[in-house]
Structures are given as C-alpha cells and as structure tokens.
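One structure is given here, and the rest of the page talks about it.
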Amino acid sequence: MKATTGQKIRTGIFAFTGIFLLVGAVFLIGKSKNMFGDTFHIYGTFRNVGGLQVGNNVRFVGVNVGTVESIRIISDTEARVDLILEDKVHPYIKANAIASIGSDGLMGDKLIVISASEEGGVLIKEGARIATNNPTDMGEIVAKMERVADNAQIITAGLADIATQVSGGKGTLGRLLYNDDIADDLQGTVNNIKKGTKGFSENMEALKGNFLLRGYYRRKERKRKEREEVQQQQEQTQQADDDSKGKKKHK
Amino acid sequence: MADASTFPLKSIFEEAGNQVIFMGRFFRNLFRWNFEWEEFIRQCYMIGYRSLPLVAITGFIIGFVITLQSEPTMKAFGAESFIPKMVAISLIREICPVVIALICAGKISSGIGAELGSMQVSEQIDAMEVSGSNPVQYLVVTRILACIIMVPLLTLIADAVGFAGSYAGLNLSQRVSPILFFNKAFNSVEFGDLLPAFFKTIFFGFAIGFIGCYKGYNSNRGTESVGIAANSAVVNASLWIIVIDGIAVQLTNALGY
C-alpha cells in the first residue's frame, strides 16, 4: 500500500518536530555547560573541594559565568579544579581575584565563587592559576567546638563550686550574704557614728560661745558680711550700666 | 503440546531460538537494495503520527501530576525551587522513556501483532512468498525500522509536553515565569541525562516493533490466534521494555552517567 501525499507531509512534519526538539535540547544543555561560544580557562588548587563536582556552576558577582571542567587530585593534600568561563566576563576577572567553594542555598549544589579582591589590577590570563580560599573543614570546626565545650565544663564546674560555698555561708561573700552577726555589727557601728556626730556638733556650738574663741568667730562673720556688701555694690553698678546702654540705643 | 508442558524449559529455548532466527532474517533484509520506502513512510505515519495525541496527552499529564504530587513534600523542605530540576531529570531520564514505551507497546505492538496475525491467518503472507515478493522486507523491516525511529521521537515530544504540563502544574499554586522555569529545568539537565535515555528509547522501539512483528508473523492459522498474537505481543514487549530499562540503568551507572 502506498503512502498518500498527506501522510508523507504529516510524517515529515512529525519527524522534523522530533529532530528539532532533540537538537534544541542538545543546544540548550550544551549552552548551559558552555560548550558553544567563546570561553577561557583558569584553574585553582584546593586542599578540600568539599564535594564539588564536574559541571557545577562558577559564580562571579552573583552571576553564573561558567562551570567546573575537571577536578583531579594532584598531590596528597591538594586537588586541582579547572574552570571554563565565558569569554565576555574575561575583562572583569583580575589576576588577584580569589576563588572559593560555596553552596547554592542550604540544600543546593556546591559551586565556585570568584570574588574580586580590590579595584584595579591586571586581567587574569588564559590558563592562569587563580588564588583560592579553602573552605572551612567541618572537622576543624567540630574540634574547636569540642575544646570550647571542655573549657565551658571546667568553668561551670568552678562556678558551681563557688555557688555551693557561697550558699553554705563560707568565704567573705558567703558570710556577707548569709551571716547575721556582720549585719548586727554594722548596725551597731552606724548607731555609734550617729551618736558621735551629734556629740561633736554640740561641742562645736559650745566652743562658739567660749571667750577664747569668740573673737575668731566674730571676725569670720564680719568678713563674710563685707564680702556680701561688695558683691551687692558690684551688682548695682552693673545694673546701672546696662540701663544707660539701653537708653542710648533707644535714642 | 504435551512436550511443551512437560519440558517448559525446552519450549522457552525453542522460542528464544525462533526469535534469534527471526532477528537474523530482519537484519539480513535490512541491508537489501530494494528498500520499501513507501511502506516505511506509511508505517512511520501510522506508528508515529497517529500515536502523537495519545503520547502528548500522557506526557502532559505525567508532568502535571508529578509536579502536583511532589510540591507538598518539596514545600515542607523549603525546596520548591528544585521542582523544575527534579521534574526535568525524572521525566527525561526515566519516566517519559518507560511510560511512553509501555504505551507504544500497548498501541503499536498489539496493532502490528494483530495486523500481521490476520495476514497470516488469511494466508496473505504465504501469497506474497509465492508471488516472489519478500514479506519480511515489506512487512517486518519497514515496521521495525519505523518503530526504531518513531518511538525516540515520540519520547522527545512527550518530554517537551511533560515540561509544559509541569509548568502548568506549578502555576496552579504560584507564579513562575516560563523563562525561569525552563532555565532552571535545562540548567540542571546534562548530556548524561538526555543521551542515555535517548539511546534507550531506540532499543525500546526495536523491542516494540520486533515483538509485534514476531508474534504476528509466527501466529497460528486459527481465527483466535490473531487475538493471542496481539495479546502476547503487548505482554512480551512490555516485559522486554522493563528488562532493557534495567540493563540500561546498570550500563549508564557503570559508564558513570
């Protein structure tokens, strides 16, 4: 049985649609992996890549500008990460830029973040090595946290010991807080001071009336009155001057 | 019949041997000069174009449903932005190839089995042999080749329509621009996702066409054998698809994709 022209056309359109989708998908995937278009390469070495994988994004000022091309171990402590970047961002990436390994959100993939260290500087060359900032190892953080926890344990044990002694009324602070004798002694001392000062003021009043010291207190009183009179005169003079100046201005 | 029930292993090997012989006939006739282009294009139309509505609707609903089903769980983890990525990878890698292949097994393999079975019953295939034309080249090669080419294309179309369904599903609960959705979807897909799945569908297409042709071509002369041929074609093709899928997953894992 022969195929009709209509069948042939429809089959052709169908086949072209399928092939177009395949080519389109290949192109889109290739584009996202920087397989088409101009690119340049740089690399960096890391002590710990933290699960970074080939194909992960490279980000510069928050924009995806490339991908991780390859990762290989070059020594017992370092891995080399080759990056492929879009050529259009080449003029912005300087030789003093720093690459670090970041994460795309809490659950996201690992990625390389390139950050410019400062303004100016020469452009990075094709195939050049970029400075890297190694990610903090979770093991190190845990070890530090363990040391902090040990110290905290010692401190809290000491504090607990002090608190026990204080609450038991031992030591200066404990006796101060929990011993009533000290409070009673302090109360007696304050009462004695009050009595002493009252007696002292009575003695002073009696001295003022004594004929040996009466002259001294009268001279003192006179000098005080003289000072007050001089002060009053100065104030009056000042007032008169101000009034005369005010009248001149009005004229 | 008694032999078959007494020695089921023997009948299994006999069936396997017949299938290998039939496959050999297919490959021998594949490279003969006078290829039946007209019949091949007609089969492409029947197998590919005529299956398009079924495949498109299936693909759209698969994308739509996967998005709706996964959305609450992803939302609970605060990972809604991963839905396009998850849907794209699951559709391209596994769901669309297998589901579309199973649907094609139901539609195409049974159709081929019934068509060739009825031709066998009505002795048309014998008549072709007697008249000097090559029934394998005319009936079998064209159908299997059409399946090999059309099933991958149908799967690609289902992938694309599935993306549209997923986008529609996501937009029921939130506003996502199509550019953002397709950017997220395609940025996460790699050649390691697309190409193994594409090559897998070629083998699915071969299984669908080959089993349909084998069951139809080798059916008995009784009237009921048409139904049996169609039925066993669907069952065997579906089984083959699942087995090929299992092998393909192991292969792609072994190759590091």
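Remarks
- Criterion: part of a helix (DSSP H, G or I) and surrounded by fewer than 16 Cβ atoms within 10 Å (Cβ to Cβ) - qualifying residue of B:Ala127, B:Ala114: B:Ala127
- Residue match in segment B:213-227 (condition: under 24 Å from B:Ile157 (Cα atoms) and either in a helix (DSSP H, G or I) or free of Cβ contacts under 8 Å to residues at least 40 places away in the same chain (or both)): no
- Residue selected from segment A:31-56 under the condition within 10 Å of chain B (Cβ to nearest Cβ) and of a type outside the set (S, T, N, Q), by the criterion farthest from the chain's Cα centre (by Cα): A:Met35
- Some residue of segment B:65-75 being within 12 Å of chain A (Cβ to nearest Cβ) and either crowded, with 16+ Cβ neighbours inside 10 Å or more than 16 Å from B:Gly162 (Cβ to Cβ) (or both): yes
- Pairs linking a residue in segment B:149-170 that is in contact (Cβ under 8 Å) with a residue 60 or more places away in the chain to a residue that is surrounded by 24 or more Cβ atoms within 10 Å (Cβ to Cβ) and outside any helix (DSSP H, G or I), with Cβ atoms under 7 Å and 6 or more positions apart or on different chains, are B:Met150/B:Gly48; B:Leu153/B:Gly48; B:Leu154/B:Gly48.
- Taken over segment B:38-64, residues that are of a type in the set (Phe, Trp, Tyr) and either facing chain A (nearest Cβ under 9 Å) or under 18 Å from B:Gly111 (Cβ atoms) (or both) amount to 3.
- Restricting segment A:28-48 to residues that are at pLDDT 85 or above and hydrophobic (A, V, I, L, M, F, W, C), the residue that is farthest from B:Tyr45 (Cα to Cα): A:Phe46
- Count - residues of segment A:1-30 that are loosely packed, with under 12 Cβ neighbours inside 10 Å, within 9 Å of another protein chain (Cβ to nearest Cβ) and closer than 29 Å to B:Phe186 by Cβ: 1
- B:Leu180 of a type outside the set (Phe, Trp, Tyr), assigned to a helix (DSSP H, G or I) and either farther than 30 Å from B:Val140 by Cα or in contact with a helix residue (DSSP H, G or I) (Cβ under 6 Å, 6 or more places away or on another chain) (or both): yes
- Number of residues in segment B:168-186 that are surrounded by fewer than 14 Cβ atoms within 10 Å (Cβ to Cβ), small (Gly, Ala, Ser) and within 14 Å of chain A (Cβ to nearest Cβ): the value is 0.
- Residue match in segment A:126-139 (condition: within 23 Å of A:Gly50 (Cβ to Cβ) and in a helix (DSSP H, G or I)): yes
- With respect to (1) within 33 Å of the chain's Cα centre (by Cα); (2) over 30 Å from A:Asp180 (Cα atoms); (3) of a type outside the set (Val, Ile, Thr), the lone exception for A:Ala157 is condition (2).
- Pair list, Cβ < 7 Å and 6+ apart or interchain, from segment B:7-23 residues that are assigned to a helix (DSSP H, G or I) to residues that are of a type in the set (A, V, I, L, M): B:Ser11/B:Ala4
- Selection of first residues in segment B:187-211 that are more than 8 Å from chain A (Cβ to nearest Cβ) and crowded, with 20+ Cβ neighbours inside 10 Å and of second residues that are among the charged types (D, E, K, R) and outside any helix (DSSP H, G or I), restricted to Cβ pairs under 7 Å at least 6 apart or on distinct chains, gives an empty result.
The values are calculated or read from the model by the stated rules, or taken from the named source; none is laboratory data. Just so you know, these numbers come straight off a predicted model, no measurement behind them. For neighbour counting, all protein chains shown are included, and Cβ atoms are generated from backbone atoms with ideal geometry for every residue, glycine included.
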